[in-house]
Ligand SMILES: Cc1cc2nc3c(=O)[nH]c(=O)nc-3n(C[C@H](O)[C@H](O)[C@H](O)COP(=O)(O)OP(=O)(O)OC[C@H]3O[C@@H](n4cnc5c(N)ncnc54)[C@H](O)[C@@H]3O)c2cc1C
């Protein structure tokens, strides 16, 4: 490439690419928030007109609670986004860890809410021409581009566990007033295999939800009167996550899963094609 085409110094490319991706992740989180809000609006409009027996659908207590929870998810995503943007204003650049956690939370919860709203509209939600089906399909891509959820969670988990980067995550927790949340996560993860994929994803979720809880508790990122209820939702998500903590002795379980997959693939004639690099689906 001619020297005159080079925009910066040698080796500056990675820095430029990662800065652009971190800003992009905040942008994707904002898209997730917008799609999540629109999905709730469309579903709430439908539920307030559709009758289930004598009541309007929105008066059914189950559906009322579901909408309540969706609105709380919106509140948490909005506060995380505000916290990410505030750091951009204060430091001139996104905080890489907070931007990743915000992108993961927004895209995952947008997907969840879009799915719940499709269900609420029944066949009218599934119909390709309907607004919700489009939101549902587009929401799906937010979990993949600008870093798939699993890649970002693994990265966050690795940063939390690695001695070289642990202080960066500790500083971030401290900056949102939750130093003890960081210490508790480290304590909880001690003794687990730091290179295990499942452990890294779990540690990434602990970081993401831990930061969300801190952001909600800080009180300065959400002026809403449902902020306390939203913080409670994050606490119960953390409690649910902990019921799925990776086991310390998971080798036998992993071997069993691997044997089960092998048996399944052998039965459908796929095992050999998987071990061969040019294998094709039968
Ligand atoms: C709508 C859309 C728009 C896009 N726009 C652009 C664009 O403008 N520019 C651009 O460069 N790219 C773009 N992409 C590509 C996108 O960035 C990639 O699809 C994405 O980074 C995933 O890479 P991949 O498709 O190669 O999947 P792979 O790298 O093969 O990953 C596949 C899956 O593996 C899993 N995985 C990945 N890492 C881990 C891990 N560490 N632990 C566990 N599981 C893991 C995840 O589930 C992931 O989805 C776009 C994609 C979509 C869907």
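Descriptive notes on the structure:
- Cα gyration tensor, the chain - rounded (a/c under 1.5), prolate or oblate: rounded
- Neighbour-count ranking [beta-carbon atoms within 10 angstrom, fewest first] of 264, 67, 271: 264, 271, 67
- As a rough guide to protection, the peptides 109-118, 208-217, 131-140 ranked by mean Cβ packing within 10 Å, highest first, stand as 208-217, 109-118, 131-140.
- Adding -39500 (n - 2.57) for every DSSP H run of four residues or longer, then dividing by how many residues the chain holds, sets the calculated 222 nm ellipticity at -24500 deg cm²/dmol.
- Computed extension gain for residue 167 through residue 263, at 0.36 nm per residue and net of the alpha carbon distance, reaches 30.1 nm.
- Of the residues 200, 270, the one with the fewest other Cβ atoms within 10 Å heads the list, and the complete ranking is 270, 200.
- Whole-number percent relative contact order across the chain, with pairs defined as alpha carbons under 8 Å at least 6 apart: 19
- The simple Förster model, with R0 at 41 Å and r as the Cβ-Cβ distance, assigns residue 126 and residue 275 a FRET efficiency of 0.60.
- Rounded if a/c under 1.5, otherwise prolate or oblate - the range 133-282, Cα gyration tensor axes: prolate
- Computed from the Cβ-Cβ distance with R0 of 41 Å, the FRET efficiency linking residue 194 to residue 12 stands at 0.85.
- The gain in end-to-end length when the residue 88 to residue 240 segment is fully stretched comes to 51.6 nm, 0.36 nm per residue minus the alpha carbon separation.
- Simple label model, 7 Å out from Cα along Cβ direction - residue 220 to residue 134, nm: 4.0
Here, each number is a calculation from the coordinates, and none is a lab measurement. Small disclaimer: the values here were computed from a predicted structure and weren't measured. Cβ: placed from backbone, ideal geometry, glycine included. Neighbour counts: every protein chain shown.
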